[in-house]
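Undergrad: Before I ask anything, let me first share the structure, which is written out below as structure tokens.
The values are calculated or read from the model by the stated rules, or taken from the named source; none is laboratory data. What you are looking at is a predicted structure, and each value in this text was computed from that prediction instead of being measured. All Cβ positions, even for glycine, are placed from backbone atoms using ideal geometry, and neighbour counts span all protein chains on display. Protein only, heavy atoms only, side chains kept; ligands, DNA and RNA dropped before computing areas. Shrake-Rupley method; radii C 1.70, N 1.55, O 1.52, S 1.80 Å.
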Amino acid sequence: MILYPAIDLKDGQCVRLYKGAMEKATVFNDNPAAQARSFADQGAEWIHLVDLNGAFAGKPVNAGAVESILAAVDVPCQLGGGIRDMATIEAWLSKGLRRVILGTVAVENPTLVRDAARAFPGQVAVGIDARNGRVATKGWAEETDVQVTELAKAFEDAGVAAIIYTDIDRDGAMQGPNVAATAALARATSIPVIASGGVSSLADLLALRDCGAPLDGAISGRALYDGKLDLAEALMALKA
């Protein structure tokens, strides 16, 4: 299972939100490239990036910060937030991103997801963010009636590289991941699932790894910044 350290970008800075609330942002580093280098130096195999402003604006906002990260590290990076058309997908992948994450458009324009997955094999993931089993869009600001498993199954044959599943009420709350819901999703789809939201300790990571479902990875942010989770130690433990 791959551990993805997260860099969430708001106004050009590395922040963490509490349960998705932009007004509850804590700044952890004002130099995203330096933060990415730190993760790379500790052995990260991937880095997970989110353009928080972009998720609300519907277009890239923290492009400069993302580009500085791509220039600073050789570690593959995936990015979500504000990626809602083919031109933006093409632009990001041409700049060196390894994978784009499509969230809002997966609900509103599933054809785009399918077209992008065909055009860029292995480089398109679907972000499914949910409260109480229902998908939320537009930076988690709007809730839909779409069920998580329903959305995942809609892309079974699309060639999607991964599903990043976030339980919003666990995100940034340091209360542990929703292991049961994540495992249920992984069992319900053949698409690789990456868990996000609430990973706050090594025990949380190991609980996901040992949940009995084939999880491809887990994302952690606040725990790494707060020092509750040591990246190098966690990477070693996952390989043991």
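Undergrad: With an 8 Å cut-off on Cα pairs and a minimum separation of 6 or more residues, tell me the relative contact order of the range 172-235 in percent. Show your work: numbers first, answer last.
TA: Values: 94 pairs, mean separation 23.2, N = 64.
Answer for the range 172-235 is 36 percent.
Undergrad: Okay, next question. Based on the alpha-carbon gyration tensor of the chain, what equivalent-ellipsoid semi-axes (square roots of 5 times the eigenvalues) come out, in whole Å, largest first?
TA: Numbers: eigenvalues 104, 91, 60 Å².
Rounded to whole Å, the semi-axes are 23, 21, 17.
Undergrad: How large, in percent, is the carbon and sulfur part of the accessible surface of the chain at a probe radius of 1.4 Å?
TA: Details: 4390 of 9460 Å².
Reported share for carbon and sulfur atoms: 46 percent.
Undergrad: Would you kindly derive the ³J(HN,Hα) couplings of the range 158-166 from the backbone phi angles with the Karplus curve 6.51 cos²θ - 1.76 cosθ + 1.60 (θ = phi - 60°), listing them in order in whole Hz, with x for Gly and Pro?
TA: Per residue, the Karplus-derived 3J(HN,Hα) values read 8, x, 5, 6, 6, 10, 9, 9, 10 Hz.
Undergrad: Would you work out the relative contact order for the chain, in percent, from Cα pairs under 8 angstrom that are 6 or more residues apart?
TA: Numbers: 545 pairs, mean separation 45.0, N = 240.
The normalised contact order for the chain reaches 19 percent.
Undergrad: Which cross-chain or sequence-distant (5 or more) residues have an amide H under 5 Å from the amide H of residue 127, H modelled 1.01 Å from N in plane?
TA: The list, which skips near neighbours in sequence, is 102, 103, 164.
Undergrad: Decide, for the range 64-119, between rounded, prolate and oblate: order the square roots of the alpha carbon gyration tensor eigenvalues as a ≥ b ≥ c, take rounded if a/c falls under 1.5, and otherwise choose prolate if a/b is larger than b/c, else oblate.
TA: On the way: a/c = 2.46, a/b = 2.03, b/c = 1.21.
Note, shape of the range 64-119 comes out prolate.
Undergrad: If packing is taken as the average number of other Cβ atoms within 10 Å across a peptide's residues, how do 153-165, 49-61, 84-96 rank, most packed first? Don't jump to the answer; show the numbers that get you there.
TA: On the way: 153-165: 19.5, 49-61: 21.7, 84-96: 15.7.
Averaged packing, sorted descending, gives the order 49-61, 153-165, 84-96.
Undergrad: Starting from the Cα gyration tensor of the range 66-176, take the square roots of the eigenvalues, sort them a ≥ b ≥ c, and report rounded, prolate or oblate (rounded when a/c is under 1.5, otherwise prolate if a/b is larger than b/c, else oblate).
TA: Values: a/c = 1.96, a/b = 1.27, b/c = 1.54.
Oblate, because a/c is 1.5 or more while a/b does not exceed b/c.
Undergrad: Roughly how big is the range 53-199's charge dipole about its Cα centre, with Cβ charges of +1 (Lys, Arg) and -1 (Asp, Glu), in debye to the nearest 20?
TA: Working: 13 positive and 16 negative charges, 40 e Å.
Dipole of the range 53-199, to the nearest 20 debye: 200 debye.
Undergrad: So if R0 is 22 Å, what FRET efficiency would residue 239 and residue 187 give, r being the distance between their Cβ atoms, rounded to the nearest 0.05? Present the calculation step by step, with values, prior to reporting the outcome.
TA: Working: r = 24 Å, r/R0 = 1.10.
Result of the calculation: an efficiency of 0.35.
Undergrad: Quick check on the range 1-135: take the gyration tensor over C-alpha atoms, sort the square-rooted eigenvalues as a ≥ b ≥ c, and tell me if it's rounded (a/c under 1.5), prolate or oblate. Intermediate values should be presented prior to the final figure.
TA: Numbers: a/c = 1.60, a/b = 1.20, b/c = 1.33.
In terms of gyration-tensor shape, oblate.
Undergrad: Here's another thing I want to ask about it. Taking +1 at the Cβ of each Lys and Arg and -1 at the Cβ of each Asp and Glu, which of 147, 122, 133 sits farthest along the dipole of the range 115-181 towards its positive end, judged by Cα position relative to the Cα centre?
TA: Farthest towards the positive pole: 122.
Undergrad: Using only the alpha-carbon atoms of the range 108-240, report the extent along each of the three principal axes, biggest first, to the nearest angstrom.
TA: 41, 30, 25
Undergrad: First select every other residue whose beta carbon is under 9 angstrom from the beta carbon of residue 58; then total the charges, Lys and Arg +1, Asp and Glu -1.
TA: Details: positive: 59, 84, 138; negative: none.
With Lys, Arg at +1 and Asp, Glu at -1, the net is +3.
Undergrad: Heavy-atom accessible area per residue, the chain, 1.4 Å probe: how many Å²?
TA: Numbers: 9460 Å² over 240 residues.
Computed with neighbouring chains in place, this is 39 Å² per residue.
Undergrad: At 222 nm, what helix-only mean residue ellipticity would the chain give, in deg cm²/dmol to the nearest 500, using -39500 (n - 2.57) for each DSSP H run of four or more?
TA: Numbers: 11 runs with 88 residues, N = 240.
Value at 222 nm, helices only, nearest 500: -10000 deg cm²/dmol.
Undergrad: Considering amide H positions built from the backbone, and no H for Pro or chain starts, which residues 5 or more places from residue 220, or on another chain, come under 5 Å of its amide H?
TA: Placed amide hydrogens put 4, 6 under 5 Å from residue 220.
Undergrad: In what sequence, largest accessible area first, do 211, 14 appear using a 1.4 Å probe? Show your work: numbers first, answer last.
TA: Numbers: 211 25, 14 0 Å².
Ranked list, largest accessible area first: 211, 14.
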